[in-house]
Amino acid sequence: MKVIVKKTTEQMSREAAQIFADLIRQKPNCVLGLATGGTPVKMYQELIRMHKEEGLDFSKVITFNLDEYLGLPGDHDQSYRYFMNDNLFNHINIKKENTFVLNGTAKDPKLYCEGYEMLIKALGGIDIQLLGIGGNGHIAFNEPGSPENSRTRIVDLTKETIAANSDGRFFKDPKDVPTQALSMGVATIMEARKVVLIANKSSKADAIVKTVEGRVSVDVPASFLQKHKDSVVIVDEDAASKLSKTYA
Ligand code: PGA
């Protein structure tokens, strides 16, 4: 696991955006795994800037998102489909039909999730998967206890996750947050050829030290990334504040 510590959130975001941009230039029809939440917003802004100012071309890029709230339609302003359109897709030249976000209103969610896994494979697998991390160590909505062999499925959200997503940034009231979601599994994420996890803020410092320096454990799903052959953790100084070793 490679760890990169940057002074600021802006630098963390630029570093991550550069990795994605390099791949897009090298392999224009690459398959990206994308994430939602507060953490990737500035990275997406940097990719939009690169598209507008440097001609970064998304016309052949395919994307798969990690997760979606169960029951929310894509036009709900808190759905992850809405988030992705609003924060990235509407501002770059990606074809919407090449962007896949799990459908929170699928009629048969179990079957639908199996189809999502098949589609990822059919389109060649994910070249780089972007991840945030929950304060409890979750990746996507793989909460503590999510097994290493888990696949895209229906999951229950923990109280911490519901609280973190209704602290005024996203939902206003915890009661409004769906209690379940569809989420790629740990095994789905581990199959990506490269994984980039980004984290900022001191609220992530505990989860980051456990992920990077702790033992691999189902209690901290992000720690499974220690076993990935090409995983990179990019953090700002606040998120890195509890690490005991020094990283570049
Ligand atoms: P955040 O969420 O980026 O909004 O902090 C990350 C996560 O829960 O994975």
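Each reported figure results from applying straightforward, stated rules to the coordinates on display, with no laboratory input. As the structure is a prediction and not an experimental result, all values here were calculated from the model. So basically every Cβ, Gly included, is an ideal-geometry build from the backbone, and we count neighbours across all protein chains shown.
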Taking amide hydrogens as modeled 1.01 Å from N in the peptide plane, which residues meet the under 5 Å criterion relative to residue 65, leaving out close sequence neighbours? 34, 100, 101, 102
Would you list, by chain and number, the lysines whose Cα falls below 21 Å from the Cα of residue 110, excluding same-chain residues fewer than 8 positions away? 121
In range of the label at residue 18: residues from the range 34-68 whose backbone nitrogen is under 20 Å from the point 7 Å along Cα→Cβ: 40-57
Counting helices only, and only those DSSP H runs with n ≥ 4, report the 222 nm mean residue ellipticity of the chain as the sum of -39,500 (n - 2.57) divided by its residues, in deg cm²/dmol to the nearest 500. -9000 deg cm²/dmol
Base-10 log of normalised Debye intensity for the range 129-248 (one unit scatterer per alpha-carbon) at q = 0.13, 0.18, 0.21 Å⁻¹: -0.49, -0.93, -1.21
Nearest 5 percent is fine: what portion of the DSSP beta bridges confined to the range 63-197 is antiparallel? 55 percent
Output the antiparallel fraction of DSSP beta bridges having both residues in the chain, as a percent to the nearest 5. 30 percent
Once phi is turned into ³J(HN,Hα) by the Karplus curve 6.51 cos²θ - 1.76 cosθ + 1.60 with θ = phi - 60°, what whole-Hz value does each residue of the range 66-72 show in order, with x for glycine and proline? 5, 7, 7, 5, 6, x, 8
Which aspartates and glutamates have a Cα less than 15 Å from the Cα of residue 2, not counting those fewer than 8 places away in the same chain? 15, 213, 230, 236
Mean separation of Cα pairs under 8 Å and 6+ residues apart, divided by the residue count of the chain: what relative contact order is that in percent? 26 percent
How high is the FRET efficiency from residue 57 to residue 86, r the C-beta distance, R0 25 Å, rounded to 0.05? 0.75
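Efficiency by 1/(1 + (r/R0)^6): what FRET value for residue 93 and residue 201, r their Cβ-Cβ distance, R0 = 30 Å, to the nearest 0.05? Mind showing how you got there, number by number?
Working: r = 32 Å, r/R0 = 1.06.
After rounding to 0.05, the efficiency reads 0.40.
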In the range 62-97, which residues have a backbone nitrogen under 15 Å from the label point lying 7 Å from residue 162's Cα in the Cα-to-Cβ direction? 69-71
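Counting every Cα pair in the chain, what percent are over 27 Å apart?
Result for the distance tail: 30 percent.
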If amide hydrogens are placed 1.01 Å from N in the peptide plane, which non-local residues have theirs closer than 5 Å to the one on residue 197? 131, 232, 233, 234
Kindly identify the range 173-237 as rounded, prolate or oblate by the Cα gyration tensor criterion: order the square roots of the eigenvalues as a ≥ b ≥ c, call it rounded if a/c is under 1.5, otherwise compare a/b with b/c, prolate if a/b is larger, else oblate. oblate
Report the full-extension gain for the segment residue 26 to residue 77: residue separation times 0.36 nm, less the Cα-Cα distance, to one decimal in nm. 15.0 nm
